[in-house]
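Colleague: Supplied in structure tokens, the structure appears directly below.
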Amino acid sequence: MPTTVPAYGAEAAERLASMADVTATDGALRRFLHGLPGVDAVGLQARAAALGTRSIKTTAKAYAIDLAISMIDLTTLEGADTPGKVRALCAKGVSPDPTDRSVPKVAAICVYSDMVATAKQALAEAGGSEVHVASVATAFPSGRAALAVKLADTREAVAAGADEIDMVIDRGAFLSGRYLQVFEEIKQVKEACRREDGSGTAAHLKVIFETGELQTYDNVRRASWLAMLAGADFIKTSTGKVAVNATPPVTLLMLEAVRDFRDTTGVQVGVKPAGGIRTSKDAIKYLVLVNETLGADWLTADWFRFGASSLLNDLLMQRQKLSTGRYSGPDYVTVD
């Protein structure tokens, strides 16, 4: 990242073009989304629970911890954020454990758009230019703003150097059945991710559903397909700002959706659970879901991320426990 536009191969572009009639009208899109197979809620929850009980050997656990660290979007999204806090977070993302250089860097630093330039500079100064900067946009976390405001928010972040944009859908429009409105909004935000410097590149677009507000598993499946048809590079569960954020069943459902979408179109889309994932045990459960549902193709930071602020601390402590056989004191990791 940033990616060259267009990002799809000829075969995938042809398959997508063949589905253009699905999004031609609001009625056609509604028929398609409501024609998707209904979700067996009991079966979904049972499978997610069963996969969460898998026993992980020590060597596999060590590998999983490093993999999880490399997939983190290390996040600060508070009204009290300061340039100093963002710089400190960038330093931690580049060197999560300053005493152990074998610890991988995180995937990205996620901030508000006005902090993108600060994060880019801090990462470059820390020797972490390969760590991406993700910016939330489109009136995060509510999504309640005029489209012109959302597009301006996106363009500002991209112009400041954001490698990734995390947008939120209009849940009110979606829940009211105005699917084509949501589809067109995602498409326009995707277009706003293009850089205006003539490079032919664009920031990757992550589309946040706020699954805790979508009410049903069927709605999560519909939102997943809608966003992917509109051009999402990633689909993301949550903002982390509501009571119910990422859960294993919802994430499993989204993993199944991206699998089915690739089977249908040839286009691979990433998945990002966010909010409430705080422990190494939790992170490993999600990695098992990915491996068992999608396989190795998605087990990289290019296709799977964790949106988290405190998860990294627990991963570092568990990593140190595996290395030395003991836990460090509370001052082993920085408090974010």
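Colleague: Under 10 Å, Cα contacts only: if you run a Gaussian network model on the chain, which one of Ser113, Ser224, Ser129 comes out with the highest mean-square fluctuation?
Modeller: So, out of Ser113, Ser224, Ser129, the one fluctuating most is Ser129.
Colleague: While we're here: Which one of Lys187, Lys281, Lys57 has the biggest mean-square fluctuation once the chain is modelled by GNM with Cα springs under 10 Å?
Modeller: Lys57
Colleague: Can I ask one more? In the chain, carbon and sulfur make up what percent of the accessible area (probe 1.4 Å)?
Modeller: 52 percent
Colleague: Can you list residues from other chains, or at least 5 along the same chain, whose modelled amide H is less than 5 Å from the amide H of Ile169?
Modeller: Those lying under 5 Å, H to H, from Ile169 are Ile208.
Colleague: Something else: Mind listing the phi-derived Karplus ³J(HN,Hα) values for region 203-215, rounded to whole Hz, using 6.51, -1.76 and 1.60 with θ = phi - 60°, and x for any glycine or proline?
Modeller: 6, 5, 10, 9, 10, 9, 8, 6, 4, x, 9, 7, 6
Colleague: Let me ask something else about it. List the residues whose amide H sits under 5 Å from the amide H of Phe306, counting only those 5 or more places along or on another chain, with H placed 1.01 Å from N in the peptide plane.
Modeller: Here the answer is Ile72, Asp73, since their amide H atoms fall under 5 Å of that of Phe306.
Colleague: Per residue of region 71-80, what does 6.51 cos²θ - 1.76 cosθ + 1.60 with θ = phi - 60° give for ³J(HN,Hα)? Whole Hz please, x for Gly and Pro, Karplus curve as stated.
Modeller: 9, 7, 8, 6, 10, 9, 9, 10, x, 8
Colleague: Then there's this: Please give the peptides 42-50, 188-196 ranked by average Cβ packing (other Cβ atoms within 10 Å per residue), highest first, as a rough proxy for protection.
Modeller: Ranked from most to least packed, the peptides come out as 188-196, 42-50.
Colleague: I would also like to ask the following. Under 1.5 on a/c is rounded, so check that first for region 185-259, then, if it is not, pick prolate when a/b is larger than b/c and oblate when it is not; a ≥ b ≥ c are the square roots of the alpha carbon gyration tensor eigenvalues.
Modeller: Because a/c hits 1.5 or more and a/b exceeds b/c, region 185-259 counts as prolate.
Colleague: When the helix-only estimate is applied to the chain (DSSP H runs of n ≥ 4, each -39,500 (n - 2.57), divided by the residue count), what is the mean residue ellipticity at 222 nm, nearest 500 deg cm²/dmol?
Modeller: Only helices count here, giving -14500 deg cm²/dmol.
Colleague: Mind ranking 76-82, 64-70 by how tightly packed they are, going by the mean number of other C-beta atoms within 10 angstrom, highest first?
Modeller: Per-residue mean Cβ counts within 10 Å order the peptides as 64-70, 76-82.
Colleague: For the chain, what is the accessible area per residue in Å² when the probe is 1.4 Å?
Modeller: Result: 42 Å² per residue.
Colleague: Angle between the Cα long axis of helix 58-70 and the longest principal axis of the chain, 0 to 90 degrees, nearest 10?
Modeller: Relative to the chain, helix 58-70 is tipped by roughly 60 degrees.
Colleague: Evaluate the relative contact order of region 51-186 (contact order divided by residue number), counting alpha-carbon pairs under 8 angstrom at least 6 apart; express in whole percent.
Modeller: 19 percent
Colleague: Could I ask something else about it? Placing +1 on the Cβ of each Lys and Arg and -1 on the Cβ of each Asp and Glu in the chain, which of Gly84, Ser238, Ala146 has its Cα farthest towards the positive end of the resulting dipole?
Modeller: So the residue we want is Ser238.
Colleague: Take every DSSP beta bridge with both residues inside the chain and express the antiparallel ones as a percent of the total, to the nearest 5.
Modeller: About 10 percent, rounded to the nearest 5.
Colleague: Could you check what % of the DSSP bridge pairs in region 206-323 are antiparallel, to the nearest 5?
Modeller: In region 206-323, approximately 0 percent of DSSP beta bridges are antiparallel ones.
Colleague: Note the angle between two axes, namely the Cα long axis of helix 147-159 and the longest principal axis of the Cα atoms of the chain, as a number of degrees from 0 to 90, rounded to the nearest 10.
Modeller: 40 degrees
Colleague: Near the amide H of Cys110, under 5 Å away, which other amide H atoms are found, from residues 5 or more places off or on another chain, if H is placed in the peptide plane?
Modeller: Amide H to amide H, under 5 Å and 5 or more residues apart or across chains, Cys110 pairs with Leu74, Thr75, Thr76, Ala134.
Colleague: Indicate the gyration tensor shape class of region 13-132 (rounded, prolate or oblate), computed on the Cα atoms with a ≥ b ≥ c the square roots of the eigenvalues: a/c under 1.5 is rounded; otherwise a/b larger than b/c is prolate and the rest oblate.
Modeller: oblate
Colleague: Using a basic spin-label model with each label point 7 Å from the Cα along Cα→Cβ, how many nm lie between Ser129 and Ala173?
Modeller: Label at Ser129, label at Ala173, 3.8 nm between them.
Colleague: Put a dot 7 Å past each Cα toward the Cβ at Ala88 and Lys321; how far apart are the dots in nm?
Modeller: It works out to 2.6 nm between the two label points.
Colleague: Does region 221-305 come out rounded, prolate or oblate by the C-alpha gyration tensor, with a ≥ b ≥ c the root eigenvalues, rounded set by a/c under 1.5 and, if not, prolate when a/b is larger than b/c and oblate if not?
Modeller: Oblate, since a/c reaches 1.5 and b/c is not below a/b.
Colleague: Compute the distance in nm between two label points, each set 7 Å from the Cα along the Cα-to-Cβ direction, one at Val149 and one at Glu292.
Modeller: About 4.3 nm, to one decimal.
The values are calculated or read from the model by the stated rules, or taken from the named source; none is laboratory data. None of these values were measured; they are calculated from a predicted model. All Cβ positions, glycine included, derive from the backbone under ideal geometry; neighbour counts span all protein chains shown. Ligands, DNA and RNA are stripped out before the accessible areas are found, and what is left, the full protein with its side chains, is counted by its heavy atoms. Shrake-Rupley method; radii C 1.70, N 1.55, O 1.52, S 1.80 Å.
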